[in-house]
1. With (1) crowded, with 18+ Cβ neighbours inside 10 Å; (2) in contact with a helix residue (DSSP H, G or I) (Cβ under 7 Å, 6 or more places away or on another chain); (3) over 24 Å from Gly20 (Cβ atoms); (4) of a type in the set (A, V, I, L, M) as the list, and Leu149 as the residue in question, which single condition is left unmet?
2. Any residue that is under 19 Å from the mean Cα position of the chain (by Cα), among the polar types (S, T, N, Q), assigned to a helix (DSSP H, G or I) and crowded, with 18+ Cβ neighbours inside 10 Å - is there at least one of those in region 224-233?
3. Report the residue count in region 15-49 for those that are assigned to a helix (DSSP H, G or I) and of a type in the set (Asp, Glu).
4. Would you pick out the residues in region 270-295 that are farther than 29 Å from Leu61 by Cα, among the aliphatic types (A, V, I, L, M) and part of a strand (DSSP E or B)?
Amino acid sequence: MSGHVVALCGGVGGAKLAHGLALALPPDELSVIVNTGDDFQHLGLHISPDLDSVMYALAGLSDPVRGWGRRDESWAFMEALGNLNGETWFQLGDKDLAVHVERTWRLSQGASLSEVTAYLCTALGIATRVLPMSDDPVRTRVLTAQGWLDFQDYFVRRRCEPAALDFRFAGDETARAQPQALAALERPDLRAIVICPSNPFVSVEPILAVPGIRRAIRESAAPVVAVTPIIGGKAIKGPAAKMMTELGLEVSGAAIARRYADLIDGFVVDRADPMPEPIEGLTFFDAATLMNTVDDRLQLARAVLQAVDSLRRLHHD
């Protein structure tokens, strides 16, 4: 079945499924809308961690061991910076640094984040369209017992140690959705909207907070399918499970399905987990959601597309 697919995603887990979808679909049938709530200024550079994770995954450059950054990375810059007693809490590999420098320079010359992202994707040989959720700054903040923390301060510097009590997306009320992202969600030939297995609180919900995006998803006639980031009561990568516990939520795919329930038509749980209790208006599917290899990514993407098409047939009937 043809038609356009829009994927919403954040960092590592979402980037893996975005890569799988890119392998399963022609480039002109996929748009990836990426969280920019993690973006921040560091050492005078504009860092876009989730955009970079998606670009590196699509370009086949991701580090398979660390799960973030580029493969075959070197660290001469960080070593030299440490010798100067500089800020080394946020690790920037030498190859990764080149991307940040180029992005920052182009932004300083007046290019938008979307234009810079398109340029970098072309330079890295990526044919799939990768779209920031907005060209305007939206910044995720985390409420802890120590007060509100900027996301990277919470996530990297403090290693997610403070309990997360709430989240805020500074700038979300005035931000404008990236025009191509909004247009992709409103396409008449839209086959599906896929919410990748990213952290719902700090990867997906910042995207949904941008004015117009949640409404476009709700009003779309295409099926909306989300994929669990939780397997066996644990997050494969990142603090999603810890956050769910701290927020008083059950650590399960079912709890995330309930959080998305007003938006989605289908939810993919891991095959090893029990099928959740029924939720009205929502169809559950199961698949192998752990993506250790490139083939795993492709197989999960195909399973998601099969779920999408079965929903389309169900609604058509």
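1. So the condition that Leu149 fails would be (2).
2. Taking region 224-233 as the starting set, the residues that turn out to be under 19 Å from the mean Cα position of the chain (by Cα) are 224-231.
If we keep only those that are among the polar types (S, T, N, Q) too, we end up with 228.
Subset that is assigned to a helix (DSSP H, G or I): none.
The answer is no; no qualifying residue exists.
3. Applying the first criterion (assigned to a helix (DSSP H, G or I)) to region 15-49 yields 15-24, 27-29, 49.
Narrowing further to those that are of a type in the set (Asp, Glu): 28-29.
The qualifying residues number 2.
4. Ile279, Leu282
Here is a yes/no grid of residues against (1) in contact with a helix residue (DSSP H, G or I) (Cβ under 9 Å, 6 or more places away or on another chain); (2) at pLDDT below 95:
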| position | (1), (2) |
| --- | --- |
| Val194 | yes, no |
| Arg214 | yes, no |
| Arg218 | no, no |
| Gly232 | no, yes |
| Ile236 | yes, yes |
| Phe285 | yes, no |
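Per-residue answers, yes or no, for (1) closer than 24 Å to Val204 by Cβ; (2) among the aliphatic types (A, V, I, L, M); (3) in a helix (DSSP H, G or I):
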| site | (1), (2), (3) |
| --- | --- |
| Leu51 | yes, yes, yes |
| Val65 | no, yes, no |
| Phe77 | no, no, yes |
| Leu81 | no, yes, yes |
| Thr88 | no, no, no |
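For (1) basic (Lys, Arg); (2) free of Cβ contacts under 8 Å to residues at least 60 places away in the same chain, each residue gets a yes or a no:
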position: Thr122; (1), (2): no, yes
position: Asp135; (1), (2): no, yes
position: Arg141; (1), (2): yes, yes
position: Ala145; (1), (2): no, yes
position: Phe155; (1), (2): no, no
position: Phe169; (1), (2): no, no
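Condition check ((1) closer than 27 Å to Arg214 by Cα; (2) in contact with a helix residue (DSSP H, G or I) (Cβ under 7 Å, 6 or more places away or on another chain); (3) at pLDDT below 95) across all residues:
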{"site": "Leu58", "(1), (2), (3)": "yes, yes, no"}
{"site": "Pro64", "(1), (2), (3)": "no, no, yes"}
{"site": "Trp68", "(1), (2), (3)": "no, yes, yes"}
{"site": "Asn85", "(1), (2), (3)": "no, no, no"}
{"site": "Asp94", "(1), (2), (3)": "no, yes, no"}
{"site": "His100", "(1), (2), (3)": "no, no, no"}
{"site": "Gln109", "(1), (2), (3)": "no, no, no"}
{"site": "Cys121", "(1), (2), (3)": "yes, yes, no"}
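The values are calculated or read from the model by the stated rules, or taken from the named source; none is laboratory data. The structure presented is a predicted model; accordingly, all values stated were derived computationally and were not measured. Don't worry about glycine lacking a Cβ; one is built from the backbone with ideal geometry, like all the others, and counts go over all protein chains shown.
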